[in-house]
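Colleague: Sharing a structure with you now.
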Amino acid sequence: YRTVCSRQIFASELYLDNLPHDRVLEAREVAKKYNKHWDKLTPLVKNLKTRNIFQLFGTELDDPVEFVLCWTPEGKDVGGTGMNLRIADFYYIPIYNLFHPDVENFIKFLD
């Protein structure tokens, strides 16, 4: 961890500077593919979208999550979560959106 202004800040393993550069470039290409307006995004937002790819596939991009649990307005693939939902759908990763009543099946699964 790093100390800044007497506060401890823990660097995430998904912080792009902590990941191999070639993996970051690979993740960035995936993010770019699933973002319609990539060229209009700021560098910061591009980095956040790139980080999201690691959330789905792990630090080596070879260990996909078992499912995605989220809530989006009207259950749609919108906002920052929308890109991850489109990617998860493409890779057949189950999506449980808490907006939908059928998420009860997921809750039963947890019990």
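The values are calculated or read from the model by the stated rules, or taken from the named source; none is laboratory data. Nothing here was measured: the structure is a model prediction, and the numbers come from that model. Positions of Cβ are backbone-derived with ideal geometry, glycine not excepted, and every protein chain shown enters the neighbour counts. The accessibility values were calculated without ligands, DNA or RNA, using every heavy atom of the protein model including side chains. Shrake-Rupley method; radii C 1.70, N 1.55, O 1.52, S 1.80 Å.
Colleague: Here are the criteria: (1) part of a helix (DSSP H, G or I); (2) open to solvent by 50 Å² or more (accessible area, probe 1.4 Å). Tell me which single one GLU66 does not satisfy.
Modeller: (1)
Colleague: Within the range 85-99, how many residues are on the phi > 0 side of the Ramachandran plot and in a helix (DSSP H, G or I)? Talk me through it step by step, then tell me what you get.
Modeller: Taking the range 85-99 and keeping what is on the phi > 0 side of the Ramachandran plot, we get 92.
If we keep only those that are in a helix (DSSP H, G or I) too, we end up with none.
The total comes to 0.
Colleague: Here is a further query. Within the range 47-82, take every residue that is of a type in the set (Asp, Glu) and out of contact with any helix residue (DSSP H, G or I) (no Cβ under 8 Å at 6 or more places or on another chain) and give me the one that is nearest to LEU19 (Cα to Cα).
Modeller: Filtering the range 47-82 down to residues of a type in the set (Asp, Glu) leaves 60, 62-63, 66, 74, 77.
So of that shortlist, the ones also out of contact with any helix residue (DSSP H, G or I) (no Cβ under 8 Å at 6 or more places or on another chain) come out as 62, 66, 74.
Working: ASP62: 14, GLU66: 22, GLU74: 35 Å.
The residue in question is ASP62.
Colleague: Follow-up. Among the residues of the range 75-111, count how many are modelled with pLDDT of 85 or more, open to solvent by 90 Å² or more (accessible area, probe 1.4 Å) and of a type in the set (D, E, K, R).
Modeller: Number of matching residues: 2.
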